[in-house]
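What follows is a set of notes on a single structure, which appears directly below.
No lab work stands behind these numbers, since they all come straight from the coordinates. As the structure is a prediction and not an experimental result, all values here were calculated from the model. Every residue, glycine among them, receives a Cβ derived from its backbone with ideal geometry; neighbour counts consider all protein chains shown.
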Amino acid sequence: TGETTFPFSAGSKQRLYPGAPKITGFKIDLRFVIRQGNVEYDVCSAEACCNGAKDDKIIADEGKLNREVKDDLDAMLSLAQHGSRSCAAWGIQIMGSSCLIFSLHLSDHGLYVAL
């Protein structure tokens, strides 16, 4: 399908549903990754849909993308020393010929802000 998952997001979903036998992370259309040692970390995730997509598909993709970018940011923050909050993760939503690019920041404990 060309979609890919980030292991960090699968772990995050597993913590939400501890009794579920088989959890898969969100399938994302495009990921931009950095590698530290043998581990890949996402810095940007993207979702794309064609021009004729219905509004519910676009809204579902946006929700999935926001959750995935949050996991991207959480993974980056786990790398940062001394609880630094200066990291930002990026998201791209492509809808036909339109494109939305946003960054996600941790403003306070548990408070994420998309710009």
Length gained, residue 48-residue 114, 0.36 nm per residue minus C-alpha separation, equals 21.9 nm
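Could you order peptides 39-46, 94-101, 28-35 by the average number of other Cβ atoms within 10 Å of their residues, highest first?
Values: 39-46: 19.0, 94-101: 12.0, 28-35: 15.0.
Listed from highest to lowest mean packing, they are 39-46, 28-35, 94-101.
Grab the other residues whose beta carbon is less than 12 angstrom from that of residue 100, score K and R as +1, D and E as -1, and report the net.
After counting each charged neighbour, the total is -3.
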